[in-house]
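See below for the structure under consideration.
The values are calculated or read from the model by the stated rules, or taken from the named source; none is laboratory data. All of these numbers come straight from a predicted model, not from anything done at the bench. For neighbour counting, all protein chains shown are included, and Cβ atoms are generated from backbone atoms with ideal geometry for every residue, glycine included.
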Amino acid sequence: MLSLKHSFRMAVASIGSSKLRSALTTLGIVIGVAAVIANVSLGASFSQYFTEEIGSVGNNFIIIQGKTANLFHDSEMDIVKNTPGIIGVSPLSQEVAQVRYISTIRQIEVQGVSQDYEEVANIRMESGTFINDKDQYMAVIGHDVAYDKFNRKISDKNTIELTFTRADGEKVTRQFKVKGIMASPESTFVQSGIEPDERIFIPIATMNEIMGEDYYWGFFAAAENLESINDVTDELDKRLARNLGVPFRDLDNEDAKPYLLLNQAEILEEVDQLSAALGSLLTSVALISLIVGSIGIMNIMLVTVTERTGEIGIMKSLGYKNYEVLSLFMVESMVVGLLGGVLGIILGVAGAYVVDTLMNLPYVFPMYMILAGMLVSLVVGLLAGIYPANKAARMNPVDALRHE
């Protein structure tokens, strides 16, 4: 009886006797498995990258933005602050100001915030300290503002001149002392339409005084944890809607509400869906290579059966059963698939690492993909070998010997 070990040795010997043909046969499997593994790894890397990027914008953040001016006041601020599950909140206002430092003038986005913004938005300071609610004409500047926007570097304790334009066209100029410089954030996530490095923060009370306003553009809040953030957002939505006169029936109608609510979990969910869709598309394309590879194995195995017709006749005349001949060629087909799978896994892992490194992405490789790659390559080899092996097993020994 032909043992599995003996079948394996014969398969390896057959593959070794035609190295170039075997290499070309496995090429399709190598490319297919490598492409699938690399795409899955890249998808996981992108997902983790965006999760980290979004997380660095704030701790379980909730953004509340008014669709119109003069919508949010101190009463809405109290509602947000007193909503169960909210652990911090900063009101927001923003204006584009003309900023002068020595003899250089630039147009820069200025945001009015409270001292809580440092914690809820994950602000890291390179030097100095963040503004507090007792400050008046103090400013904290972004890393690019300090180092790149002007002809000379701005240091903390330097003075900059900010000129704002009010709604009636009147220009108001004030001198601000730089209290601190933000560290360049790890995140490149765009918040409020601008890069984090390119902002100037001033106390929101000072901004409202300069602009002659008593309302806020919106709020930046933080929930206790990510697991409860959707429930907290829903409760906050109900309270704001009730306070602003939005009917309960319109709570699910975003167009009927004068404000927008967005939280970290919703952004992460959208990113995950996008990553999954992109990964599925890339993996589907890569699977085409596996199909091509399986066809290649089938063709080569058919050629092998034809070339070894005489050998098959001798085996059958010596008493080999149909299932033994079948198993011999099936094992050979599976060895070819497995060999391609191993090489594909190595190539896929290396390729994903190189691409992640070049794109500055975190390298994420799901370990289950090694087992999956091996299993897929074995299955491809098995399926591709069924027809050729069955053809060999059904040969009449007399006809096979006559062919020789």
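In this structure, does GLN115 turn out to be in the same structural domain as ILE141 (by TED's automatic domain parsing), modelled with pLDDT of 90 or more and surrounded by 21 or more Cβ atoms within 10 Å (Cβ to Cβ)?
no
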Task: Matching residues in the range 321-378 - criterion: being among the hydroxyl-bearing types (Ser, Thr, Tyr), part of a helix (DSSP H, G or I) and more than 20 Å from ALA389 (Cβ to Cβ) - done: TYR353, THR357, TYR368
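Which of the residues that make up the range 255-276 are over 26 Å from the mean Cα position of the chain (by Cα) and farther than 13 Å from ILE64 by Cβ?
ASP255, ALA256 - these are the residues of the range 255-276 that are over 26 Å from the mean Cα position of the chain (by Cα) and farther than 13 Å from ILE64 by Cβ.
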Open item on the list: Within the range 337-344, does at least one residue satisfy the condition of being free of Cβ contacts under 8 Å to residues at least 60 places away in the same chain and either farther than 12 Å from ALA392 by Cβ or not hydrophobic (A, V, I, L, M, F, W, C) (or both)?
Closed with: yes
TODO: Considering every residue within the range 38-61, establish whether at least one is touching a Gly at 6+ places or on another chain (Cβ under 6 Å), surrounded by 16 or more Cβ atoms within 10 Å (Cβ to Cβ), modelled with pLDDT of 85 or more and more than 30 Å from VAL335 (Cβ to Cβ).
DONE: no
TODO: Might you let me know whether the range 98-112 holds any residue that is crowded, with 17+ Cβ neighbours inside 10 Å, over 20 Å from ARG166 (Cβ atoms), among the hydroxyl-bearing types (Ser, Thr, Tyr) and more than 34 Å from the chain's Cα centre (by Cα)?
DONE: yes
TODO: Could you figure out which of (1) over 20 Å from PHE50 (Cα atoms); (2) out of contact with any Asp or Glu (no Cβ under 6 Å at 6 or more places or on another chain) isn't true of LEU226?
DONE: (1)
Task: Selection status of ARG166, more than 34 Å from the chain's Cα centre (by Cα), surrounded by fewer than 17 Cβ atoms within 10 Å (Cβ to Cβ) and not aliphatic (A, V, I, L, M) - done: yes
Task: Residue that is modelled with the lowest pLDDT, among those in the range 297-336 that are among the β-branched types (Val, Ile, Thr) and within 13 Å of ARG394 (Cβ to Cβ) - done: ILE312
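Rundown of residues vs (1) in contact with a strand residue (DSSP E or B) (Cβ under 8 Å, 6 or more places away or on another chain); (2) surrounded by fewer than 15 Cβ atoms within 10 Å (Cβ to Cβ); (3) assigned by TED's automatic domain parsing to the domain that holds VAL30; (4) under 26 Å from ILE295 (Cβ atoms), yes/no style:
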{"position": "ASN322", "(1), (2), (3), (4)": "no, yes, yes, yes"}
{"position": "LEU347", "(1), (2), (3), (4)": "no, no, yes, yes"}
{"position": "VAL354", "(1), (2), (3), (4)": "no, yes, yes, no"}
{"position": "PRO366", "(1), (2), (3), (4)": "no, yes, yes, no"}
{"position": "LEU371", "(1), (2), (3), (4)": "no, yes, yes, yes"}
{"position": "VAL380", "(1), (2), (3), (4)": "no, no, yes, yes"}
{"position": "MET395", "(1), (2), (3), (4)": "no, no, yes, yes"}
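Look at the range 217-254 and say how many of its residues are under 22 Å from the mean Cα position of the chain (by Cα) and at pLDDT 90 or above.
2
Do you know which residues across the range 85-129 are in a loop (DSSP other than H, G, I, E, B) and of a type in the set (Ser, Thr, Tyr)?
Residues satisfying the conditions are SER103, SER114, THR129.
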TODO: Looking only at the range 278-286, decide whether some residue is exposed (fewer than 15 other Cβ atoms within 10 Å of the Cβ), under 14 Å from VAL40 (Cα atoms), modelled with pLDDT under 75 and of a type outside the set (Gly, Ala, Ser).
DONE: yes
